[in-house]
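The values are calculated or read from the model by the stated rules, or taken from the named source; none is laboratory data. Given the structure is predicted, the values throughout are model-derived calculations rather than measurements. In this analysis, Cβ positions are derived from the backbone assuming ideal geometry, glycine residues included, and neighbour counts consider all displayed protein chains.
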Amino acid sequence: MDLDLIKAYQSGDRSAFDHLARKYIPLLVGYLRSRGAPCHLAEETVQEVMVKIYRHLPTFAPTVSFAAW
């Protein structure tokens, strides 16, 4: 499913990124919170990560899973 969304995004479907973000933002925030990060810092960090993903997703090549990338 992730790969289908990434391909859709790379083909111009910007809404595909929204689907990825809805899936991964809660997971990333939860992970950071479980590691002791305060809520505001976890959310801020995830926001920065999502901006970087948005910028670099056009060059993503599926040599690794999206979750690992």
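Odds and ends about this structure:
- Test set (1) surrounded by fewer than 12 Cβ atoms within 10 Å (Cβ to Cβ); (2) part of a loop (DSSP other than H, G, I, E, B); (3) of a type outside the set (Asp, Glu); (4) modelled with pLDDT under 95 - residue 36 fails condition number: (4)
- Within the range 9-22, considering residues that are of a type outside the set (S, T, N, Q) and surrounded by 13 or more Cβ atoms within 10 Å (Cβ to Cβ), the one farthest from the chain's Cα centre (by Cα): 13
- The listed residues are 25, 6, 53, and the only one of them that is in contact with a Pro (Cβ under 8 Å, 6 or more places away or on another chain) and either surrounded by 12 or more Cβ atoms within 10 Å (Cβ to Cβ) or part of a helix (DSSP H, G or I) (or both) turns out to be 6.
- Qualifying residue in the range 33-40 (condition: touching a helix residue (DSSP H, G or I) at 6+ places or on another chain (Cβ under 8 Å), without any contact (Cβ under 8 Å) to a residue 12 or more places away in the chain and of a type in the set (A, V, I, L, M, F, W, C)): yes
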